[in-house]
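This report refers to the structure that appears directly beneath it.
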């Protein structure tokens, strides 16, 4: 695993969590739109659950997955913060924090730090060379 891949893990995990939250929102919409359909015909008591039950079940399952992913994200970000703090150059630390902890875009980072884009990329590349990936991620 490269330093860039290690540092990007938090962003990817954060995106997975966001995606699952969107799925929950869609399932919540479905669950609130479920209505009872009344007919004179008796239902088969063994014939599957309702759409509402299915939606609620999927929501609960996704919430459990999100909770586990969030726990992993907190641990990973703590490790990344420690890794960044181990870098001696303060400018490198700032770029790494803004990119991998705050998930800022390159133009935002360049403006925040008062650098041109090219210089921002150069400093970022140099900062990545200073990263020592923790053993448990190798």
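Taking springs between alpha-carbon atoms closer than 10 angstrom, which of 92, 100, 121 fluctuates most in the Gaussian network model of the chain?
121
Could you state the angle between the C-alpha long axis of helix 51-85 and the longest principal axis of the C-alpha atoms of the chain, as a value from 0 to 90 degrees rounded to the nearest 10?
Helix 51-85 sits at roughly 10 degrees to that axis.
Arrange 24, 101 by Cβ neighbour counts within 10 Å, fewest through most, would you? Working shown, then result.
Working: 24 19, 101 15.
Starting with the residue having the fewest Cβ neighbours, the order is 101, 24.
Assuming 0.36 nm per residue, please report the length gained on full extension of the stretch residue 126 to residue 81 beyond their Cα-Cα distance.
Extra length available between residue 126 and residue 81 comes to 14.5 nm.
GNM, the chain, Cα, under 10 Å: largest mean-square fluctuation among 91, 69, 54?
In this elastic network of the chain, the residue with the biggest mean-square fluctuation among 91, 69, 54 is 54.
Evaluate the Kirkwood expression for the hydrodynamic radius of the chain, namely the inverse of the mean inverse distance over all pairs of different C-alpha atoms, and round to one decimal in Å.
Computed over Cα pairs of the chain, the Kirkwood hydrodynamic radius comes out at 18.2 Å.
At a threshold of 8 angstrom on Cα-Cα distance, excluding pairs fewer than six apart, so keeping six or more, what relative contact order does the chain reach in percent?
33 percent
How much FRET efficiency would the formula 1/(1 + (r/R0)^6) give for residue 58 and residue 12, where r is the Cβ-Cβ distance and R0 is 22 Å, rounded to 0.05? Provide the component values of the computation, followed by the final result.
On the way: r = 23 Å, r/R0 = 1.04.
It comes to 0.45.
Taken together, the values in this text are just the output of simple stated rules run on the coordinates, not laboratory data. In this text, all values refer to a predicted model and were calculated from it rather than measured experimentally. Every residue, glycine among them, receives a Cβ derived from its backbone with ideal geometry; neighbour counts consider all protein chains shown.
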